[in-house]
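One structure below.
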Amino acid sequence: MLKDFFIKKKKYATVPSTKSKIGVPEGIMKKCPSCKKIMYAKELQKYLYVCQSCGYHYPVSAFERIEMLLDPESFIPFDQDLVSKNPLDFPNYLEKLEKDKEKSGLNEAVVTGKGKIEGYETALAIMDSNFRMGSMGSVVGEKITRAIEYAMDHRLPIIIFSASGGARMQEGILSLMQMAKTSAVLKQFSLAGGLFISYMTHPTTGGVTASFASLGDYNFAEPGALIGFAGRRIIEQTIREELPDDFQKAEFLLEHGQLDKVIPRSKMKETLATVLSIHTKGGDEQWHRD
Amino acid sequence: MAPGLEFEKPINELKAKIKELNQFMDEKGIDLTDELNHLKKRLDEVEKDTYSHMTPWDRVQIARHMERPTTLDYISFLFTDFIECHGDRLYGDDAAMVGGIARYRGLPVTIIGEQRGRDTKENLKRNFGMPQPEGYRKALRLMKQAEKFNRPIVTFIDTKGAFPGKTAEERGQGEAIARNLLEMAGLKVPIVCIVIGEGASGGALAIGVGDQILMLENSWYSVISPESAAALLWKDASQAERAAQTMKITAPDLKEFGIVDKVIPEVLGGAHHDPKTQANIIDEYLKDALSSLIQLNGDELVHRRLEKYRAIGDYSLVKGNILSEK
Ligand SMILES: [Zn+2]
């Protein structure tokens, strides 16, 4: 259904392949990686891919996120025709990109566009870790930047769902500079009074944590999501100390003052709708300030 | 004399021979001037040849040389009236990041820089030049202060990376870096950033968003250190030399990508051979950069800075549905 919709709205839109349902369990049954409980795939989908036994949040693809979050038929994609080049002539990079395109049904690691959440219109950027581990190269940086600019030009809020291993090594310094680029445009967006909600999902690490993902007016996260700058193994090697199990989990960040709220997926849509609604005018005439 | 690096071996062998010959002449009173001149000429050639054919890995070795001048060394050469300012006003003072106020050729400026130790003891104090969040927040505090008093900012980048530690994560290393990127993009004063040694990833970029990015010839700047890249690519950190090549991290590479505005030449063999002369060379580039930037007002600076970063990226457009064509 989403597929039809993509074709309808934009002629050049890339149709997500039928294989794009990564994150959706293949086959009929799925065993929870956390508590090992077996659930029917259909049932799992009904519960937004959250284990009903232990609350484990399965990673979901960008398309699944769109389906579970946005009002039906409200999503309009942006810039689906942007694709990566190979600025460093990095060995095998183009081949890897091709493979991931096939695997994920995406042209790159982020889907951007606009849509409605309970009627509230918003710009969106949704990263997908099925494509190059959600890493940020030139295209991811550019698409996110353009989505922010669109929001700025049309006075819309923007919600960015992060899922990323960080800056993309294969594009070297250009990837690093996407951190500066996205942050620079967010500064302008903020000065213009724009609302930016950062929604961190598993995993949000490295250069994405160290740029736009940490810069929301509100920083939210999914339960259990790994969020951090440095990798766990590197930290353990550096400080020669074993880290606690909950280290760099969303709940750990909440405890250390790094997040506004950890939101279970079942509450995602209504919480976002409430935040969006609070940023519109409301109530009696007497409360209007301008 | 600075200790030699592996690739400098032929040079150091010749130097040793010359020294030996000199001693021999003194001791025995035999005239070997011809032989000596021959060797000196040979040394000249070998030096020129070696230093003009440095691999990226050779440069990485120079960038990491224990005696390579650090931020505080350059501050003492280039500025007067330097007053170091400490602390982020939130948590603590990070010795891996130094900052303060000073004059540059009479002009009041704010200076920020990553600071590694020059020996083991100082390295422990300065956490090997790897800042914690409080380091980046101190930098931001001082940069905001610079903006308040309309002072240009000069930053010196020299880090193996932001500190990968438990405490750093607890205090929001990612947020601290991100905040600096965002705020530096909006500062209404000139910012000149100079990569003087190592420039690893977000830890370097966090004080590296500016109007002019200068880079010493033998420093490196990359999204990831050669060792980490090698570990990820080939599961083998000892392949760092290969990664240094693949990742395109040298000053000439970054100039070609348009990330760096100017490459600052180094004295023969690297800055550590003659820090004072090196500082003089940097001085010329800094003077050029600041004298042109100082002409621009705050809005112009911010606008140009935004345009510059906005334009970075290499991508193309596909027409039609490439996936369904398969
Ligand atoms: Zn479970």
Here is a check on your reading of the model: is A:T280 more than 30 Å from B:F257 (Cα to Cα), in a strand (DSSP E or B) and touching a residue at least 60 places away in the same chain (Cβ under 8 Å)?
no
Members of segment A:81-105 found to be more than 9 Å from chain B (Cβ to nearest Cβ) and within 30 Å of A:K269 (Cβ to Cβ), listed by number
A:D100, A:K103, A:S104
Between a first residue in segment A:53-66 that is at positive phi and modelled with pLDDT of 95 or more and a second residue that is more than 7 Å from the ligand (Cβ to nearest atom) and in a loop (DSSP other than H, G, I, E, B), which pairs have beta carbons less than 9 Å apart while being 6 or more apart in sequence or on different chains?
A:G55/A:P223; A:G55/A:G224; A:G55/A:P264
Which of the residues spanning segment B:119-171 are more than 14 Å from every other protein chain (Cβ to nearest Cβ) and of a type in the set (K, R)?
B:K121, B:K125, B:R126, B:K138, B:R141, B:K148, B:R151
State all residues of segment A:81-95 that are part of a helix (DSSP H, G or I) and crowded, with 16+ Cβ neighbours inside 10 Å; if no residue qualifies, say none.
A:Y93
So which residues in segment B:15-38 are under 26 Å from B:T50 (Cα atoms) and of a type in the set (G, A, S), if there are any at all?
B:A16
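How many of the residues in segment A:37-80 are part of a loop (DSSP other than H, G, I, E, B) and either more than 16 Å from the ligand (Cβ to nearest atom) or within 14 Å of chain B (Cβ to nearest Cβ) (or both)?
Result for segment A:37-80: 9.
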Since A:E242 meets every condition but one in (1) surrounded by 11 or more Cβ atoms within 10 Å (Cβ to Cβ); (2) out of contact with any Lys or Arg (no Cβ under 9 Å at 6 or more places or on another chain), which condition does it not meet?
(1)
Selection from segment A:201-242 of residues at pLDDT below 95 and out of contact with any Pro (no Cβ under 7 Å at 6 or more places or on another chain) yields A:G231, A:R232, A:R233, A:E236, A:Q237, A:I239, A:R240, A:E241, A:E242
Output the number of the condition that A:W287 fails; it satisfies all remaining conditions of (1) exposed (fewer than 13 other Cβ atoms within 10 Å of the Cβ); (2) hydrophobic (A, V, I, L, M, F, W, C); (3) within 21 Å of A:G55 (Cα to Cα).
(3)
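Kindly indicate whether any position in segment A:91-99 is in the same structural domain as A:N130 (by TED's automatic domain parsing), in contact with a strand residue (DSSP E or B) (Cβ under 7 Å, 6 or more places away or on another chain) and at pLDDT 95 or above.
We begin by selecting, within segment A:91-99, every residue in the same structural domain as A:N130 (by TED's automatic domain parsing); these are A:91-99.
Next, from what is left, pick out any that are in contact with a strand residue (DSSP E or B) (Cβ under 7 Å, 6 or more places away or on another chain): A:97.
Filter once more, keeping what is at pLDDT 95 or above: A:97.
There is at least one residue in segment A:91-99 that is in the same structural domain as A:N130 (by TED's automatic domain parsing), in contact with a strand residue (DSSP E or B) (Cβ under 7 Å, 6 or more places away or on another chain) and at pLDDT 95 or above.
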Kindly indicate whether any position in segment A:120-127 is at the interface with chain B (Cβ under 9 Å from one of its Cβ atoms) and not β-branched (V, I, T).
no
Do we have A:M169 as surrounded by fewer than 24 Cβ atoms within 10 Å (Cβ to Cβ) and either at negative phi or within 14 Å of another protein chain (Cβ to nearest Cβ) (or both) here?
no
Does A:K30 fit the bill of being within 16 Å of the ligand (Cβ to nearest atom), modelled with pLDDT under 95 and buried (at least 20 other Cβ atoms within 10 Å of the Cβ)?
yes
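Any residue at all in segment B:243-253 that is over 18 Å from B:T55 (Cα atoms), without any contact (Cβ under 8 Å) to a residue 24 or more places away in the chain, buried (at least 24 other Cβ atoms within 10 Å of the Cβ) and within 11 Å of chain A (Cβ to nearest Cβ)?
No: segment B:243-253 contains no residue that is over 18 Å from B:T55 (Cα atoms), without any contact (Cβ under 8 Å) to a residue 24 or more places away in the chain, buried (at least 24 other Cβ atoms within 10 Å of the Cβ) and within 11 Å of chain A (Cβ to nearest Cβ).
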A:A192 is checked against (1) surrounded by 24 or more Cβ atoms within 10 Å (Cβ to Cβ); (2) closer than 20 Å to A:N219 by Cα and fails just one. What number does that condition carry?
(1)
Scan segment B:63-113 residue by residue and report those that are of a type in the set (S, T, N, Q) and part of a strand (DSSP E or B).
B:T80, B:T110
Search result, residues across segment A:191-210 that are in a helix (DSSP H, G or I) and touching a residue at least 24 places away in the same chain (Cβ under 8 Å):
A:G206, A:G207, A:V208, A:T209
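The values are calculated or read from the model by the stated rules, or taken from the named source; none is laboratory data. Keep in mind that this is a model prediction, so the values were computed, not measured. Cβ sites come from the backbone with ideal geometry, for glycine too, and all protein chains shown count toward neighbours.
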